[in-house]
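Asks: Take this structure first; my questions come after.
Throughout, read-outs are computed from the coordinates displayed, never taken from laboratory work. Everything quoted here is computed from the prediction, not taken from an experiment. So basically every Cβ, Gly included, is an ideal-geometry build from the backbone, and we count neighbours across all protein chains shown.
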Amino acid sequence: MSERTPASHYFSDHRDQPAPKSAPKRLEVMVDGRSLELASDTGVFSHGHLDDGTALLIERGASPAPTASNLLDLGCGYGPVALALAVRAPSAKVWAVDVNPRAVELCAANAAANELGNVHTVQVDADPELSGLDPDVRFDAVWSNPPVRIGKAALHRLLLAALERLAPGGSAHLVVHKHLGSDSLQSWLNAHGHPTTRRLSRMGFRLLDIEAAP
Ligand SMILES: C[S@@+](CC[C@H](N)C(=O)[O-])C[C@H]1O[C@@H](n2cnc3c(N)ncnc32)[C@H](O)[C@@H]1O
């Protein structure tokens with residue numbers, strides 16, 4: 001097995017080393033009977049396939065409210081969640097953010113190829129979290145298959161930064177595998193003023209629904 005350098009992780013911002021050689025693959029994602037064709041690439045999470053957790057979030061996660069104005073896909077990768085939200089909430093602006101520039105480019109290209117003009121991509125910085133994202137926007141809801149592999153402390157900071165940007169009455173919807181700490185994350189969120197419940201559990205994945213802090 002080859003050693004992976006830190007910059008080869010899917011969550012790298014590729015600032016220190018170039019992105020791995022491109023090798024695009026296409027895949028189909030079905031959303032409410034509509035077929036979306038997406039491109040993925042090396043150096044981006046879940047290259048060549050739809051992650052099982054992401055599929056569960058799309059199929060069984062909370063639907064966006066028809067009145068929503070701004071929705072956030074936190075850690076968009078090549079864009080499956082953002083594009084699903086854009087299909088379901090055509091009048092909302094779907095903000096799709098990631099630290100990985102290749103992911104952001106792919107997500108933007110995938111939105112354009114599927115004629116989803118309501119997806120707005122932003123490459124954010126990790127330090128401080130979500131820098132580069134318009135600080136004045138408040139989100140009606142946040143969806144994420146979050147980057148648990150960045151480590152617990154960094155993940156907590158990132159989630160708090162996103163939850164702080166929820167509009168009053170807003171909510172967040174996460175998919176996390178139990179082997180990657182879903183249950184302790186749920187306890188941590190509850191202990192930090194964000195009421196969190198388990199919507200469902202399947203194949204070890206938990207879908208968590210989080211309320212904005214009162
Ligand atoms: C588990 S992947 C999910 C990707 C995509 N949503 C999907 O379901 O296929 C998490 C994503 O979060 C991104 N990420 C890591 N750290 C981040 C940060 N500090 N801010 C925003 N995105 C981050 C990673 O680059 C990665 O694309």
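Asks: Quote the FRET efficiency, to the nearest 0.05, computed for D134 versus A213 with a Förster distance R0 of 22 Å and r equal to the Cβ-Cβ distance.
Replies: Values: r = 21 Å, r/R0 = 0.94.
According to the calculation, E is roughly 0.60.
Asks: Next question, about the same structure. At 0.36 nm per residue, and after removing the present C-alpha to C-alpha distance, how many nm does the segment from T197 to D125 gain when stretched out fully?
Replies: 23.0 nm is the gain from fully extending T197 to D125.
Asks: Would you give the gap between the C-alpha center of region 108-122 and the C-alpha center of region 56-83, rounded to a whole Å?
Replies: Each part's Cα centre sits 13 Å from the other's.
Asks: Between R26 and T42, 0.36 nm times their residue separation minus their Cα-Cα distance comes to what?
Replies: 4.6 nm is the gain from fully extending R26 to T42.
Asks: So, R0 is 25 Å and r is the distance between the beta-carbons of S187 and A153; what FRET efficiency does that work out to, to 0.05?
Replies: Step by step, r from the Cβ atoms, then E = 0.95.
Asks: Shifting gears a bit: What does the C-alpha gyration tensor say about the overall shape of region 51-211? Classify as rounded when a/c is under 1.5, otherwise prolate if a/b is larger than b/c, or oblate.
Replies: Numbers: a/c = 1.38, a/b = 1.31, b/c = 1.06.
Note, shape of region 51-211 comes out rounded.
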